[in-house]
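Right, one structure below, let's go through it.
The values are calculated or read from the model by the stated rules, or taken from the named source; none is laboratory data. On a predicted model such as this, the values are computed, not experimentally measured, just so you know. Cβ placement follows ideal geometry from the backbone for every residue including glycine, while neighbour counts extend to all protein chains displayed.
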Amino acid sequence: MILPSFFADSFYETILALELFLQSIVNGTIQSGFFALAAVGLVLIFGVMGVVNFAHGELVMVGAYTVWFLHAQHSTPFLITIVIAILVVTVIGILMEKFLFRPMRDDPLGGLICSIGVLFILQVLATLVGGDGPSKQVPPPFEGTMVLFEFLRIPYQRLFSIAVSVAALGLLWHFLTHTKLGWALRAVSQDREAASLQGINSNRISMIAIAVGAAMAGLAGALMAPLTNINPHMGHNVIITAFIVTIVGGVGSLSGAVIASVLYALFHTFVTTYFNGTVATISGLLIMVLVLIVRPTGIMGHRVSE
Amino acid sequence: MSTHTQRPARRKFLKKAAAGTVAATTASVFPNIVLSANKTLTVGMNIPMTGDYAPWGLPGLYGCEIIANNINKEGGVNIGGETYDIKVASYDHGYDTEKALQGFKKLVLEDDASMVMMLGGSTVAAVLPWATRKKVLTTTLLPSDITPDSDYLVATCESHPLYNVTGVEWLAKNFPDVKSAAIVTNNDAEYGLQSAATYQAAFEVAGIEVVDTHLHGFDVTDFAPIVSSVLAKNPDVFCMATSFYVTPIMEQLYHQGYKGKIISCTLDYYDEIIAKTSKEFVNGTIFQFPDFDDPKLQESGVNFPDPAGFDAAFRKDHPNDWSAVAWEYPAILLNWLDAAKAAGSADSESVATTLKANKQEFIFGGGDWWGSQLWGLDNALVGRWPIVVIEDGKARIQEYGDVAGWLSSNKDVLVKHMKELGLRTV
């Protein structure tokens, strides 16, 4: 049976619209993995140490540069470079805690300013290592694209990234909820003094918090490396997204950060697809402002009595 | 007695050894310095060498250094009876307007630059009042920087983005089945919107319907949604007007299974794009900037000395840095030197007058001063421009397009689209 052209056109357009809708869900879900990895690190560091780490985006950038340097420039296997990237960024995080944030513990503004200093230092170091000029590119180690239902397309590199992101977040969840160290970390995050009275070494826990947070940032950078333009300033967009997600999710709430990452990634992807990227970014910032006005605790945050 | 005869020999040995050491050290530390009795003529490059815009600055400096070294090795350049060595002084403004003005003044006042080359856009707008007042000849790659009063600002090589019309013309001629196009570009007024308007006009003239013009900001980290959105319009041609993000966009086109034609203003670092996609996918992509080992550039009518030798020297010294501007700033430098030789002086007023009075030879041949109909002053040199296509993983010129001819026939269509996008025209 031949459909009248109006119905045929209409049917074809409906299918196209549905394809775009489903592809947008896939695109948004993959994006949410990066957002969550970047945001949970920021939340962890803030929750335990009370420091707004402005250099967190640059930690992501260092992870990406490490993969570019070792994998793209020196042919080190990709999986090994991911591990090295995590280690490099973790060490940077530990040094930041020991030499900057710990001496500034009683001065939240001091820690913030120190992190801005680190931000510039890491950008300059990246320029020294990678040189001036164009953004760096990392050839994708996983080539090809998985096609589902003949229209949903997911590059294997992105599939690998989302799988690793979910696994890393799962491990972090397990660590925080099923290990003594994780309980200690959450205890310090809730009340540093009370935790100290229970015999928890807050210095050690702070170091673990920043190590875990930095490791997550390093992993995010390493996974992003084959999918994005790598340059010393790439951390700028990462930190903006991480702040939005952190505030919407509830400052200090890891589960809130993960939920907000998924919601924000889907929101951003859909607005970019159906309107454009600039509208998406502005809308995201407006939502953040709205949350601060209407529900300052965010989706999962709790009000703390004085 | 023996001591008297040995001492001078020892001193002589020490002197020679010291001289040899100094010479060897100098040669190894400063390999590009050719000892010369010539006077020095300084040209300035006030360009972005870091940041997002660095690919359109730094390779140009490398190219100019190669040209300057070649000229100096051959004994320098004779201007007004005096022989000069060429020195390239550079300043990295990182595409910051404040730094651009600071750098411009530094190059002119401290380095004594006779002419200053710039990329264009807001950084040129920042220096223009001072440059015009001080009568410093300045060059840009964006003729849209030209204003009715900018007597000392010229675009003698790239007329961004006017030459893009030639790529569309060639596409329409060779692929008559193509009926629709979608344009993706940055949303800035200097590069993206100018280019979008030009492509819109070129597609209209070629009878190709533009089904989507997607403008994006500089904060995009993931192009998957943008490409999904545009491909949903099912265009026959995907056009990247002027994008800083050609590589990630191409990567997304590849992964999302796009099978149509691709046209782009630039395709910088296309080797990296092939590494991220495939040679088969990138083959057939149309753009506007050739490699200089292209056989067509070795033919007569191209006003650039030994293009293949230049290409080889550049890639030997800077293997990963060739971009659209690698040869453009050198072409501007050579054009300016020709004018200075003809004028008998490197003084900006004399060179500017000579440039405008003489029939200039454009790098790819031909060349007419154009611009008053769009920007108020005929200070852009417009000549024929190459249409380049990737063939077997390599950029190859297909033919040259007539930019001036297209403009004389279709200027009104271009003006209409520029106005629609809110761009300045006279």
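When the range B:240-276 is limited to residues that are in contact with a Leu (Cβ under 8 Å, 6 or more places away or on another chain) and β-branched (Val, Ile, Thr), the one that is nearest to the other protein chains (Cβ to nearest Cβ) turns out to be B:Ile273. Of all the listed residues (A:Leu109, A:Leu172), the sole one being exposed (fewer than 14 other Cβ atoms within 10 Å of the Cβ), of a type in the set (A, V, I, L, M, F, W, C) and more than 26 Å from B:Ile273 (Cβ to Cβ) is A:Leu109.
Tally the residues that are among the hydrophobic types (A, V, I, L, M, F, W, C) and assigned to a loop (DSSP other than H, G, I, E, B), restricting the search to the range B:131-147.
Of the range B:131-147, the ones among the hydrophobic types (A, V, I, L, M, F, W, C) are B:131, B:136-137, B:141-142, B:146.
Imposing the further condition that a residue be assigned to a loop (DSSP other than H, G, I, E, B) reduces the set to B:136, B:141-142, B:146.
Count: 4.
The set of residues from the range A:40-64 being surrounded by fewer than 24 Cβ atoms within 10 Å (Cβ to Cβ), touching a helix residue (DSSP H, G or I) at 6+ places or on another chain (Cβ under 7 Å) and of a type outside the set (A, V, I, L, M) comprises A:Gly47, A:Gly50, A:Phe54. If you go through the range A:179-203 and keep only what is within 30 Å of A:Ile30 (Cβ to Cβ) and under 23 Å from the mean Cα position of the chain (by Cα), you end up with A:Gly182, A:Leu185, A:Arg186, A:Ser189. Identify the single condition in (1) surrounded by fewer than 21 Cβ atoms within 10 Å (Cβ to Cβ); (2) over 20 Å from B:Asp151 (Cβ atoms); (3) in contact (Cβ under 8 Å) with a residue 60 or more places away in the chain that B:Glu349 does not satisfy, given that it satisfies every other one. Status for B:Glu349: all satisfied but (2). Selection of first residues in the range A:214-232 that are at the interface with chain B (Cβ under 8 Å from one of its Cβ atoms) and closer than 19 Å to A:Leu159 by Cα and of second residues that are of a type in the set (Lys, Arg) and crowded, with 24+ Cβ neighbours inside 10 Å, restricted to Cβ pairs under 7 Å at least 6 apart or on distinct chains, gives the following pairs, ordered by first then second residue: A:Leu227/A:Arg158.
The residues of the range A:117-141 that are surrounded by 14 or more Cβ atoms within 10 Å (Cβ to Cβ), of a type in the set (Val, Ile, Thr) and out of contact with any strand residue (DSSP E or B) (no Cβ under 9 Å at 6 or more places or on another chain), listed by number, are A:Val118, A:Thr127, A:Val129. Apart from one condition, B:Phe304 fits all of (1) within 11 Å of chain A (Cβ to nearest Cβ); (2) out of contact with any strand residue (DSSP E or B) (no Cβ under 6 Å at 6 or more places or on another chain); (3) modelled with pLDDT of 90 or more; the exception is (1). Would you mention how many residues in the range A:247-278 are more than 14 Å from chain B (Cβ to nearest Cβ) and in a loop (DSSP other than H, G, I, E, B)? Total satisfying the criteria: 4.
When the helices (runs of 4 or more DSSP H) confined to the range B:321-402 are screened for residues that are hydroxyl-bearing (Ser, Thr, Tyr), those reaching at least 3 such residues are found at B:348-357.
Annotation note: Cβ proximity below 8 Å between a residue of the range A:8-32 that is more than 8 Å from chain B (Cβ to nearest Cβ) and within 20 Å of A:Val258 (Cβ to Cβ) and a residue that is surrounded by 22 or more Cβ atoms within 10 Å (Cβ to Cβ) and among the polar types (S, T, N, Q) (sequence gap 6+ or interchain) occurs for A:Ser32/A:Ser261. Might you check whether a residue that is over 18 Å from B:Gly192 (Cα atoms), of a type in the set (A, V, I, L, M) and within 24 Å of the chain's Cα centre (by Cα) occurs anywhere in the range B:257-273? Looking for residues that are over 18 Å from B:Gly192 (Cα atoms), of a type in the set (A, V, I, L, M) and within 24 Å of the chain's Cα centre (by Cα), one finds at least one in the range B:257-273, hence yes.
Going through (1) over 19 Å from A:Gly50 (Cα atoms); (2) at pLDDT below 95; (3) crowded, with 22+ Cβ neighbours inside 10 Å; (4) more than 14 Å from chain B (Cβ to nearest Cβ) one by one, A:Arg158 falls short only on (4).
Only one entry in B:Ala206, B:Ala155, B:Ala172, B:Ala182 is touching a residue at least 60 places away in the same chain (Cβ under 8 Å) and either away from chain A (no Cβ under 14 Å) or in contact with an Asp or Glu (Cβ under 9 Å, 6 or more places away or on another chain) (or both), namely B:Ala155.
For A:Leu148, state whether it is within 13 Å of another protein chain (Cβ to nearest Cβ) and surrounded by fewer than 20 Cβ atoms within 10 Å (Cβ to Cβ). Yes: the conditions hold for A:Leu148. In the range B:264-284, the condition of being farther than 15 Å from B:Ile397 by Cβ, hydroxyl-bearing (Ser, Thr, Tyr), part of a loop (DSSP other than H, G, I, E, B) and in the same structural domain as B:Leu355 (by TED's automatic domain parsing) is met by no residue.
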